[in-house]
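Colleague: Okay, handing you the structure first.
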Amino acid sequence: LVDLHGPLILRKISGIQQRFWFAEGYDHLHEIEMPLFQERRIFLPIGIPESFFTHAGQWTGRERKILFVCPNALTDPYYSRIYGHFKRDFGDLPHVIVGAQDVPIDDPHVAGFVTDDELQRLYLDCAVLYYHSTELRHVHYSPVEAAINGMPVVFHADSLLGRLSCGADKGQVTSVAEARGLIERILAG
């Protein structure tokens, strides 16, 4: 906040604190905020577009493949690392990788950018979505979309998705080895 608006912003907010509210999209964001934000917080959960529910519960899993989302797998350092780890840990299993790529990738499993209709088809037809993230403060839409469609999602317990799952343990793993074992069982039917 200070980087965006300068050092006086906190003083200005403090001066209007009875009119100021920190709207947190996840009910734990205040845990890492300063007291002013902790004391003036209100939970306004992140909404999910109604369009996500068009094919709710219609997953078939007829394609025995892992669906993995990874844009800019070669040019973005964050996603490049994720892509490398996925290929190392799961690359020998049948899979398809979606996500816009800003340079061509010599990998027949990378579909790159797909339309909304094609992504919906993959959510319904692929056997499982592997969600790599262990970030505690961010979750992408892809595992939420997949789960709404009924697709199994394998995800890490030490992530925001793990925290948001409120104790549901189906698909939740504590290691890449555990994720691989679960994915292999799902691919085997």
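Colleague: Please compute the modelled spin-label separation between Q38 and H55, points set 7 Å along Cα→Cβ, answer in nm with one decimal.
Modeller: Distance between the two pseudo-spin positions: 4.4 nm.
Colleague: Shifting gears a bit: First check a/c for the range 37-84, with a ≥ b ≥ c the square roots of the eigenvalues of its C-alpha gyration tensor; if it is under 1.5, answer rounded, and if not, answer prolate when a/b is larger than b/c or oblate otherwise.
Modeller: Here the range 37-84 falls in the oblate category.
Colleague: Also: Which distance in nm do the two modelled labels at Y141 and H28 give, with both placed 7 Å along the Cα-to-Cβ direction?
Modeller: Between Y141 and H28, the label points sit 2.4 nm apart.
Colleague: If one takes the longest principal axis of the Cα atoms in the chain, at what angle in degrees, from 0 to 90 and to the nearest 10, does the Cα axis of helix 77-90 lie?
Modeller: 40 degrees
Colleague: Could I ask something else about it? Hey, how many Å between the Cα centroid of the range 28-79 and the Cα centroid of the range 87-152?
Modeller: 13 Å
Colleague: Select from Y123, W59, L136 the residue farthest towards the positive end of the dipole of the range 1-160; place +1 on Cβ of Lys and Arg, -1 on Cβ of Asp and Glu, and compute about the Cα centre.
Modeller: The one lying farthest along the dipole's positive direction is L136.
Colleague: Another question, if that's okay. Helix 176-187: angle to the longest alpha-carbon principal axis of the chain, degrees 0 to 90, nearest 10?
Modeller: Compared with the principal axis, the helix lies near 50 degrees.
Colleague: Length gain on complete extension for the stretch A100 to V2, per 0.36 nm per residue less the alpha carbon to alpha carbon distance?
Modeller: Net length gain for the segment: 32.0 nm.
Colleague: Further question on the same structure: Mind listing which trypsin sites (Lys or Arg not before Pro) in the range 1-40 are in a DSSP loop and have 13 or fewer other Cβ atoms within 10 Å?
Modeller: When the trypsin sites (Lys or Arg not before Pro) of the range 1-40 are filtered for loop state and at most 13 Cβ neighbours within 10 Å, R19 remain.
Colleague: For D92 and D158 in one chain, what is 0.36 nm times their gap in residues minus the Cα-Cα distance, to one decimal in nm?
Modeller: Going from the current span to full extension adds 21.2 nm.
Colleague: Starting from the Cα-Cα distance between R11 and D117, subtract it from 0.36 nm times their residue separation and give me the gain in nm to one decimal.
Modeller: Between R11 and D117, full extension yields 33.3 nm more.
Colleague: Using a Gaussian network model on the chain with a 10 Å cutoff between Cα atoms, which of D106, D125, D158 fluctuates the most?
Modeller: So, out of D106, D125, D158, the one fluctuating most is D106.
Colleague: Considering only S165, S51, S142, give the residue with the highest GNM mean-square fluctuation for the chain, with springs between Cα atoms whenever their separation is below 10 Å.
Modeller: S51
Colleague: Of L93, L161, L129, which has the largest mean-square fluctuation in a 10 Å C-alpha GNM of the chain?
Modeller: L93
Colleague: Over the chain, average the accessible area per residue using a 1.4 Å probe and give it in Å², no decimals.
Modeller: 57 Å²
Colleague: Explain nothing, just the number: dipole magnitude of the range 1-147 about its Cα centre with +1 on each Lys and Arg Cβ and -1 on each Asp and Glu Cβ, in debye rounded to the nearest 20.
Modeller: 440 debye
Colleague: Binned at 5 Å from 0, what are the whole-percent values of the Cα-Cα distance distribution for the range 17-126, short to long?
Modeller: The percentages, shortest bin first, are 2, 10, 15, 13, 12, 12, 13, 10, 8, 4, 1, 0.
Colleague: In addition: For the chain, what Kirkwood radius comes out of the mean inverse Cα-Cα distance, in Å?
Modeller: Result for the chain, one decimal place: 18.5 Å.
The values are calculated or read from the model by the stated rules, or taken from the named source; none is laboratory data. Keep in mind it's a predicted model, so treat the numbers as computed, not measured. Here the Cβ is made from the backbone with ideal geometry for all residues, glycine too, and neighbour counts use every protein chain on show. These area figures cover heavy atoms from the full protein model, side chains too; ligands, DNA and RNA do not enter into them. Shrake-Rupley method; radii C 1.70, N 1.55, O 1.52, S 1.80 Å.
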